[in-house]
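Scroll down for the structure; my scribbles are underneath it.
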Amino acid sequence: MTELKQLVASGLVERRDLSDGGVVRHVEYNLIESIRPATFLLLEQLEQWARVLEQFDSPAPNGNLLNASQTRSTRKAHSR
């Protein structure tokens, strides 16, 4: 079963068949109304997290790229 079918079967997504005369021409899928606010909130939080991570993956003063794990170890070394 595909992920989309699983979401429909679980009741999280609604499927609307807009076919005409039995021939499938168009189908729409939508989140159920009750989970939309939480889903949008989650997406906003993920966007903010991505912005924070972008700051860590920016060039260091010496021109080298730092990733998040290098930045953490650098902060630990400076805090000692």
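The values are calculated or read from the model by the stated rules, or taken from the named source; none is laboratory data. Since we're looking at a predicted model, the values are computed, not measured. Neighbour counts are summed over all protein chains in view; Cβ atoms, including those assigned to glycine, are modelled from backbone coordinates with ideal geometry.
Overview of results
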item	result
Residue in the stretch 21-38 that is farthest from the chain's Cα centre (by Cα), counting only those that are loosely packed, with under 10 Cβ neighbours inside 10 Å and among the small types (Gly, Ala, Ser)	GLY21
Helices (runs of 4 or more DSSP H) fully within the chain counting 3 or more residues that are at pLDDT below 75 and hydroxyl-bearing (Ser, Thr, Tyr)	68-79
